[in-house]
Each structure stands twice: as C-alpha cells, then as structure tokens.
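J.: Here you go, one structure.
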Amino acid sequence: MTVYTGLDVHKETYHATVLDEDGETIRQERFPNSLEEIKSFFSGIEGGKVALEASYYWEPVYNELEEIGFEVKLAHPRKTRVIADEKIKTDLRASEALAQLLRMGWLPEAYVPRKEIRDLRELLRRRVSLVNSRTKYRNKIQAELAKRRIELEGTPWCGPWLNQLHNLEIDPVEDYMIIIRSLNDRINRIEKEVEEKAEKTEEAMLIKSIPGFSYFSAMTIYASIADIERFPGPKELCSYFGVVPSTEQSGGKKTHGPITKEGDKYVRRVLIQCAWVHVNNCDSYITGFFKRLEKRKGSNIAIAATARKLVVAIYWMLERGEEFRLGG
C-alpha cells in the first residue's frame, strides 16, 4: 500500500500528516525539527511518497528522506497556496493539504536539481555571505577613519593604503582587520574551488566566454539554470531570471511595465553587473543594442533589456554548445 505524507517544515518544528490510498489519516503529529526526529517519525513507514513545501529549511530533510528511500516531492509554495489556502487553518492542516494534493496528483512541484548542483549553489551562497560580512567590517573601518577625520592616500584596500591603515594603530581597526584577513582566506579558498570546478564544467566555460563574466558569475548562472533542457526556449529562461517586462492587459489594451523580478534576486543582480561590465568593455552586438536603447529609454531600462538579451544568448549558447560571438 502506498502512503502519502505531507510535511510542513518550520524552524523549530515539523507538522506531518500521513494518508493512505483512500485519503484516510494514518498518523498526524507535531515534532521538533531535527534529523533524529525525522528518522523516528518515518521509522514505521515503509516506502511511499512525501511532499514538503519549498522553504529555507527544506534541503536537509529532503536529503535525509531521499537517503532513507522515500520518493520526495518539493511543492511550489506560491502555486500550492493558490490551490489549498482557503482550507488551511493550522500547520497540521497545511501538512494534510500537502498530503492530499500529493495523493490526488495535484501537487504543483518545484524543480529540484541533482545533489551536485545543490552543493554548488550552497558553496556559491556561502561565498556571497562571506563577502557581505567582509563588506560590513570594511564599512566599520571606514566609519572609524571618518570619526577621526583621517583620509588615507591611494586605492582603498590595496597595498599602500593598507600599510597606512596598519601604521595608525587604532584598536578597533586592528580588531576588524583580523576578522577581514580571516574572511579573505576563506573567500580566496572558495574562489579557488569555484574556479577549479568551472574549468571542468563545459556549460560554465561557455558562459564565461561572454566578455564581462568571471568564473564566479558564470558558475552562478550555470548553477541557477542547472539543466538548459528544462526550459522550452529563451523566453522561459528570461522569465525564470525575472528579466522580462511585466504586462497588464485590460479592454484590449496591453501595457508593459518594469521587469517582473521573479526568481533569485542575487542571480539577477549578477546578470545586471555582468551586463554593465560587458557594455563598458566590449564592442559587441550586445553593446550596440544597449547604446541604441540607452538614447531612447535611459541607462536603467537599457541595462535591464541588455541583461535579457544576454540571457537569450546564454540559452542558445548552452543549447548549441557554442561560445559567444561578438557579432551575434
């Protein structure tokens, strides 16, 4: 007999409902969020399918259930709410709704990449977190200098500037620099690992062939796409990255607004940054498009449209296995 489990995952607790093939409740519990508790709850359940909603805490339990041997489905949170929200009153009811949708074959699924890609995404996110932390402590040092009306000569955070900073012997600055040096070591280690992985990844090297893309940005885009075959065409890939204009239609009139900003905002920011580097340093058909549009619409709209054009290029490069061509 196949059983269907809905799992509502929170920071501190799980809420779980197990249904049989007829939709009758076999078990319904609330238990602490830990992998040991997960193993305990599922120890008496043989086989079956499990649905959990995509959230910040989904990945560890997803991996654990896969290892145990369950067929795990990740529910798309927004689409699941559209179907089930009216009936959900409590967390246990939410888990029951997931189980019912799974049992009836109505569960809207979110894409789950293979573990290799999930691990790569985690590595890239960790690097971003470390860079953000480093920026925070650099800003603290700049604030200490501003309080003391100290201006150093040279390019900030480069050799001569750092030597002057060290010679000031300001206690808070020294404390922050110890943290920054530690962060630098970890960031450099991750960047080296990302570069080594990129060199072995054909898709990442194709993306890196576009002027303006580094190893890190190419791997970020590759990890987000995971498998180009899951996108029917470039339009769907642009929509996935949130770089298509929003559209409103009423009374036969269609108007376009700002980009939708769907998907991962950090990946979209990487795309925009790479687009700026490209148009400022490369004479390509992409740059020509940007300059023409900039004259009519301004730089902000033009760079968003240029990022979209880059995504179209990336789609066809990955689909055809071809490097970037300056002339298109």
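Read-outs: derived from the displayed coordinates by stated rules, not from any lab. Note that the structure is a prediction, hence the values are computed from the model and not measured. Here Cβ is always computed from backbone atoms with ideal geometry, including for glycine, and neighbour counts include all displayed protein chains.
J.: What is the distance, in nm, between label points placed 7 Å from the Cα along the Cα-to-Cβ direction at Glu322 and at Ser239?
T.: Using points 7 Å along Cα→Cβ, the separation is 2.5 nm.
J.: While we're on this one: Roughly how many Å is it from the Cα centre of the range 143-213 to that of the range 17-77, as a whole number?
T.: Centre-to-centre (Cα) distance: 43 Å.
J.: What full-extension length gain, to one decimal in nm, is calculated for Arg292 and Glu199 as 0.36 nm per residue of separation minus the Cα-Cα distance? Could the numbers behind the result be given before it?
T.: Working: separation 93, 0.36 × 93 = 33.48 nm, distance 3.50 nm.
This chain segment gains 30.0 nm when fully extended.
J.: Just tell me the longest site-free run in the chain, where the sites are trypsin sites (Lys or Arg not before Pro) in a DSSP loop having at most 16 other beta-carbon atoms within 10 Å.
T.: Working: sites that count: Lys11, Lys89, Arg114, Arg148, Arg149, Lys200, Lys261, Arg325.
Value returned for the longest uninterrupted segment is 12-88.
J.: Once you put a point 7 Å from the Cα of Leu168 and another 7 Å from the Cα of Arg126, both along the Cβ direction, what distance in nm separates them?
T.: With each label point 7 Å from Cα toward Cβ, the separation is 3.2 nm.
J.: Mind checking the range 98-148 for chymotrypsin sites (Phe, Trp or Tyr not before Pro) that DSSP puts in a loop (not H, G, I, E or B) and that have at most 12 other Cβ atoms within 10 Å? Walk me through the intermediate numbers first.
T.: Details: sites: Trp106, Tyr111, Tyr137; in loops: Trp106, Tyr111.
Counting only loop positions with at most 12 other Cβ atoms within 10 Å, the chymotrypsin sites (Phe, Trp or Tyr not before Pro) in the range 98-148 are Trp106, Tyr111.
J.: Once every DSSP H run of n ≥ 4 in the chain is given -39500 (n - 2.57) and the sum is divided by its residues, what mean residue ellipticity at 222 nm do you get, rounded to the nearest 500 deg cm²/dmol? All intermediate terms of the calculation are to be shown ahead of the outcome.
T.: Working: 13 runs with 191 residues, N = 328.
Calculated mean residue ellipticity at 222 nm is -19000 deg cm²/dmol.
J.: Turning to a different aspect of this structure: Can you give the FRET efficiency for Ser246 and Val277, using 1/(1 + (r/R0)^6), R0 = 25 Å, r = Cβ-Cβ distance, to the nearest 0.05? Don't skip to the end; give the middle numbers.
T.: On the way: r = 26 Å, r/R0 = 1.05.
With R0 = 25 Å, the Cβ-Cβ based efficiency is 0.45.
J.: Based on DSSP H assignment, which helices of the chain show an axial Cα extent of at least 27 Å together with a mean Kyte-Doolittle hydropathy greater than or equal to -0.5? Don't skip to the end; give the middle numbers.
T.: Working: long enough: 115-147 (48 Å, -1.07); 171-199 (42 Å, -0.87); 299-320 (31 Å, 0.76).
For the chain, where a helix must reach 27 Å along its axis and average at least -0.5, the hits are 299-320.
J.: Right, another one. For a quick check: with amide H placed at 1.01 Å from N, whose amide H comes under 5 Å from Ala110's, ignoring anything fewer than 5 positions away on the same chain?
T.: The list, which skips near neighbours in sequence, is Leu74, Ala75, His76.
J.: A further question on this structure: So how far apart, in nm, are the two label points at Ser209 and Glu153 if each is 7 Å from Cα heading toward Cβ?
T.: Computed distance between label sites Ser209 and Glu153 equals 4.7 nm.
J.: Related question: For the range 123-140 and the range 270-305, what is the separation of their Cα centres, given in Å?
T.: 27
J.: Return the percentage of antiparallel bridges among DSSP beta bridges fully within the chain, rounded to the nearest 5 %. Mind showing how you got there, number by number?
T.: Working: 19 of 28 bridges.
If I count the DSSP bridges inside the chain, around 70 percent turn out antiparallel.
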